[in-house]
Each structure stands twice: as C-alpha cells, then as structure tokens.
Amino acid sequence: MTKSIAVLHTSFVFINVEPVFKDLFAELIPDVRVIDFVDSDVLAAVNRDGGINQSHIQRMVHLAEAAESAKVDLIFSACSSLGPSIDVARQMVNTPIIKIDDAMTKKAVAQATTIGVMATVPTTLNPTIDLLNQWAGDENKKINTRPFLVEGAWGILMSGDRPRYENMVLNGAKELAPQVEIIVLAQASMSRLAPMLAQETGKDVFSSPRLAVEYVKSTLEKL
C-alpha cells in the first residue's frame, strides 16, 4: 500500500519559490503520496511578534491535527522557526512527526563540537541551536554554537535578487568559517548554497532538506 505524508508549511516558500522538498520527494520517495498543509501567515506572525507565542503554537497544532485527520502515515514539519511548536503538537496527535532539522542537527553534533549556525531569518536561530543542544545532551556531549544572522538577506531573496542574496550569504560564511569546525544552515531555503559555501570556506556545510527526506524515507520504511 502506498504510504502518505503530510507536509506542514508556514509560508509558500517551499511551494512557489524553492520547491526543494517536492524535488527530493520525487527523487528519494517517488511512490509516496504528499499532502501539503499551509498556514501562509504564521511564520510572518512569528517575525512580527519577535518570537513564538501561544497563538502560533496553537496554529501549528491545528495543522498537525488536520494532517492526522487526513490519515497520513507521517507528518513532516518543513519550518525551522516553528520547531518548538512541534514539541507541543507531538503531544496532541498520535501520528509520528519529524522536524525538518532533526536529522541535520543530530549529524552535526556527532561530527563536531564547535558548530556555526547560519540564518537569514532571526527566528530560525534559537530553535536550531536548541535542537543541537538537545542532541548533545542525549549524547552527554558538550558543544559550542556560534549563531550568525545574515541581516537583510531574506528580504533580498523574497525580492527576487538571488545573485545578491547568494553573495551576502557567502560573505557571511567566510566570516563565520574561521571560528567553527562545521557550518549548519538553519533554513532549508539556504540549502542550494551549501556546496558553494563548502567549497569557498573549506568547511563541511550541513543543510536540512536531503538529510530530512532521507530520514522521512527510513522512518516510513519502518512503519
């Protein structure tokens, strides 16, 4: 029987701007049925409010509950910023939920102790760092994280000026690289830059999409 997954989106970025997950699902799990659930304003609300509050958490719980009502086998949350709300949603639904950054952060902790965390949206930094610290705690390992926000780059990407956006991120990576062992990209929207950043900085650069979809695949195979 064909397995099905629900993908929880907090904007239309991964549907209209960067269809990275659509491409990866087609490549790695071509037989899976994907249902998208979108709250196109909740990420903007988090940014407006300067962080996650109870109303944002409730909206993500509602998305997860709607996904469970669709009787999917697995729920995949595609937003780093709303990661903490997924901890609550996991308590409210019975369907397994995977966070976009679960696999990436676990791998980063296994490989390094000083980890750079790059973002173009400030609300993704703390959830990613929290996940890194969570995995480190599970492994009884002490890590140091170095957050780096590329200010203004997200707005440039949304305006359609991709070359300028990429140059801003690259300059940020070059500044961060000497301070860390590896670099973690806190947003899936940055993932296409990972090979270039690794080449230009000489550091391993981790991005979440492929690792996340590989994790989704392996989890589905066990269900």
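Computed extension gain for residue 4 through residue 45, at 0.36 nm per residue and net of the alpha carbon distance, reaches 11.8 nm. Find how many whole Å separate the alpha carbon centroid of region 4-83 from the alpha carbon centroid of region 94-121. A separation of 17 Å, based on Cα centres. For a label point 7 Å from the Cα of residue 200 along Cα→C-beta, name the residues of region 124-149 whose backbone N is under 17 Å from it. Label zone hits: 148-149. For residue 34 and residue 144, the difference between the fully extended length at 0.36 nm per residue and the C-alpha to C-alpha distance is 35.9 nm. Need one word for region 5-113: rounded, prolate or oblate. Basis is the Cα gyration tensor (sqrt eigenvalues a ≥ b ≥ c); a/c below 1.5 gives rounded, then a/b vs b/c decides. It is rounded, given that a/c, with a ≥ b ≥ c, falls under 1.5. First check a/c for region 164-223, with a ≥ b ≥ c the square roots of the eigenvalues of its C-alpha gyration tensor; if it is under 1.5, answer rounded, and if not, answer prolate when a/b is larger than b/c or oblate otherwise. Verdict is prolate for region 164-223. Could you pull out the pairs from 22/141; 99/142; 71/107; 142/203; 71/141 whose alpha carbons sit more than 27 Å apart here? Beyond 27 Å between Cα atoms: 22/141; 71/107; 71/141.
Values in this text are rule-based calculations from the coordinates and carry no lab data. Please read these numbers as outputs of a predicted model, since none were measured by experiment. No Cβ is skipped: glycine too gets one built from the backbone with ideal geometry, and neighbour counts run over all protein chains shown.
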